[in-house]
1. Which condition number in (1) surrounded by fewer than 18 Cβ atoms within 10 Å (Cβ to Cβ); (2) more than 19 Å from the chain's Cα centre (by Cα) is the one that residue B:90 fails?
2. Given (1) within 14 Å of chain A (Cβ to nearest Cβ); (2) in contact (Cβ under 8 Å) with a residue 40 or more places away in the chain; (3) surrounded by 17 or more Cβ atoms within 10 Å (Cβ to Cβ), identify the lone condition not met by residue B:290.
3. Picking from A:54, A:60, A:72, A:131, which residue would you name as being in contact (Cβ under 8 Å) with a residue 60 or more places away in the chain and away from chain B (no Cβ under 14 Å)?
4. Looking at (1) touching a helix residue (DSSP H, G or I) at 6+ places or on another chain (Cβ under 9 Å); (2) buried (at least 18 other Cβ atoms within 10 Å of the Cβ), which one does residue B:388 not meet, given that it meets all the others?
5. When you scan the stretch B:174-192, how many residues do you find that are at pLDDT below 95 and either assigned to a loop (DSSP other than H, G, I, E, B) or within 14 Å of chain A (Cβ to nearest Cβ) (or both)?
6. Can you tell me which residues in the stretch B:79-121 are away from chain A (no Cβ under 14 Å), part of a loop (DSSP other than H, G, I, E, B), modelled with pLDDT of 95 or more and over 19 Å from residue B:138 (Cβ atoms)?
7. Scanning for something under 28 Å from residue B:276 (Cα atoms) and out of contact with any helix residue (DSSP H, G or I) (no Cβ under 8 Å at 6 or more places or on another chain), does the stretch B:217-235 turn up at least one residue?
8. Quick one: in the stretch B:319-333, of everything that is surrounded by fewer than 17 Cβ atoms within 10 Å (Cβ to Cβ) and assigned to a loop (DSSP other than H, G, I, E, B), which residue is modelled with the highest pLDDT?
């Protein structure tokens, strides 16, 4: 399994800035743009900016994410837009960028009020999509 | 002349957000605002504080502009849907008289809070051309001495102990918002006026919520804005609830009309689980019910309006409603995404650019239920109108049509179009 973290990402990457903004929300413990076997964009400070409580379980969550991306790769063309899984006390939310194998991923506490967070996840997805389209 | 404008800010810093929300709201107006309604999510509490936020607003807003508002779970306007940030609504008209008032300690003594608020008004006349906008402090999960901050107490003995503490909890300005009692009192004084109102909240943690009154920030306050105007407006109410099939259930209530002793002559908590089909031994199911009890309110009809009673606490063998149950026979309702989209779709279809302004108050559960799908509602509104609009997602909704029946509602959508 090969992970290319921060590959080709500049500190002023506009997508990283969107992730930085999302990560400031109390219940977003970690976030990134990723695809199978690859994290495409991290927040500006990489995993250092993730909330401390996630570091202990980050490796296992990270591995589980890859299995979800197998499903995303299979069904994104068929219109799969969102997925989520719960692992221990955390949930991983996947917001797929339409017709791609990439997704905006956020790790949140299992008992967080997800509806409110999902609105800001959707805003981030739209913003990132706009940046991708302009790029 | 009538002008209205909606602005917003996504700044994290409280002071900058205050400045930006005020600037973006009033810069589109050709005249000084006659009033300003200000709303924000709870986030500024940890990013500079609400005092700084208001200082930012008043760095920009013309002196003496009447301002009220408070914290909300989220908002929608012409720019999108947000659960973080601030938004403002300004109106200017030469044919509008505005008065604002404030009362304190709404949970401790709602009647006194209303009287205090009215004492700010020079004119207490009442007629159908008067419109009232109401902002009330929302519910706060009580911090029971020796038990802690709890809305679910499983132990029978601890439940009984917490019930004995309920009067103290109210005196400490915690627990139920009592916005239903406040609305009744307002309507008693102004039976001819019309009203739309909301209770403030945080990000669904129910720990803190704030009210804005001119340049001051309060908790546990009632803010009223009384408008005397000659422009035409229309009120509309719809619901995201559907009635579950079956008979009404018998509720035995304590005198406060919130605490339920028995349902169908059985212990209230036990029978509640029985009715909604929760296996008490299934921890996962129980957890889900505790976080989703808003989706299964009991309720009754008043003039075709669904008056929902939300289960806000389980205190041992007793159930505690967030609001007063006016009847002892209540039906079970269910909030569904399908009904939310149906009712909001019908409302959107009635909107047009013939209206200068569309202002809506929706229950926060709508946004919690739909999450990112809330953009479906946004798209249906944007399809109909280009004019500014503002939708607030709040803890409870008040509406009064001048017909003698005040409605304090949950899971509803109330719109005011001008």
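The values are calculated or read from the model by the stated rules, or taken from the named source; none is laboratory data. The shown structure was predicted, so the numbers you read here are calculated from the model rather than taken from an experiment. Virtual Cβ from ideal backbone geometry, glycine too; neighbours counted across all protein chains shown.
1. (1)
2. Here residue B:290 clears every test but (3).
3. Being in contact (Cβ under 8 Å) with a residue 60 or more places away in the chain and away from chain B (no Cβ under 14 Å) holds for just one of A:54, A:60, A:72, A:131, which is A:131.
4. Every condition holds for residue B:388 apart from (1).
5. 2
6. Selection gives B:119, B:120, B:121.
7. no
8. Only one residue fits best here, namely B:328.
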